[in-house]
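Everything on this sheet refers to the single structure shown next.
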Amino acid sequence: MTTPRNFARMAGLHVGARIQFPRVGPLNNRREGRTVTFYANTTWTAPLWAKLLSRIIGKGSDGMPASGANDYRAGYTVTKQVGTYAEFTNGGSPQFGPRVYQGEYVGAKPADYCGENTYWPSSGYIKSTTCYSFEATTVDVGDYSPATAGASATGFGQVLAGGPTGQPASISLFRNVPITPGASYVIVVPPGGQITIEY
């Protein structure tokens, strides 16, 4: 029969010695090593235990290179002007309104012209004159798009720059950025950008 005394001798302990077990303390409430990546505009709420972002890394959107090409054709612009006057017994003179730009078209320039309309209300008649004037020009019918700069991403008081005109964005890195536990932070990420936080 194994008695406590015999067990102690088997374990190589002196009789009367105390066996010391490791003391188990309270669990560590710190949570570290988490990573979150944002690819679009959003709002992020800091955990109640988080006071520091160990790292913010990311970028804004890339700058876009120029694309397409210009293709110019002969064309013309159109301007419209309307005048009205009433004729009862003594007639009248047209009162023309402002010239209004009507657009740009491809093709041969037409000749300027005016057209007249007459209306017959009960008290007499009203005339309306509409005039069109044309001016030769060249019309760009191509699909050229100039180079543009990228938009910046922002969050936690930091700016992650977009790419310069026609160039990709560089990676931005910030370390040890303080945050307020439980606070909400607005994250702005343009298309093609991203922000990654570690805490």
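The values are calculated or read from the model by the stated rules, or taken from the named source; none is laboratory data. Nothing here was measured: the structure is a model prediction, and the numbers come from that model. As a convention, Cβ positions derive from the backbone with ideal geometry for all residues, glycine included, and neighbour counts pool all protein chains shown.
All conditions but one from (1) assigned by TED's automatic domain parsing to the domain that holds GLY107; (2) at pLDDT 95 or above apply to ILE187; the one that does not is (1).
Among the residues of the stretch 37-75, those that are assigned to a strand (DSSP E or B), at pLDDT 95 or above and not small (Gly, Ala, Ser) comprise THR37, PHE38, THR42, THR43, TRP44, THR45, LEU52, LEU53, ARG55, ILE56, ILE57, LYS59. Within the stretch 175-188, the set of residues being in a strand (DSSP E or B) and not aliphatic (A, V, I, L, M) comprises ARG175, ASN176, PRO178, SER184, TYR185. If you check THR196 against the conditions, is it within 30 Å of THR79 (Cα to Cα) and outside any loop (DSSP other than H, G, I, E, B)? The answer is no for THR196. ARG31 meets each of the listed conditions (1) at pLDDT below 95; (2) not in a loop (DSSP other than H, G, I, E, B); (3) not aliphatic (A, V, I, L, M) apart from (2). The criterion of at least 2 residues that are under 18 Å from the mean Cα position of the chain (by Cα) and aliphatic (A, V, I, L, M) is met by the following strands (runs of 3 or more DSSP E) wholly inside the stretch 101-174: 158-160. A residue that is touching a Lys or Arg at 6+ places or on another chain (Cβ under 6 Å) and more than 30 Å from PHE38 (Cβ to Cβ) occurs somewhere in the stretch 103-114. If you take the residues in the stretch 107-158 that are hydrophobic (A, V, I, L, M, F, W, C) and within 30 Å of SER170 (Cβ to Cβ), which one is surrounded by the most Cβ atoms within 10 Å (Cβ to Cβ)? Going through the qualifying residues, I end up with ALA153.
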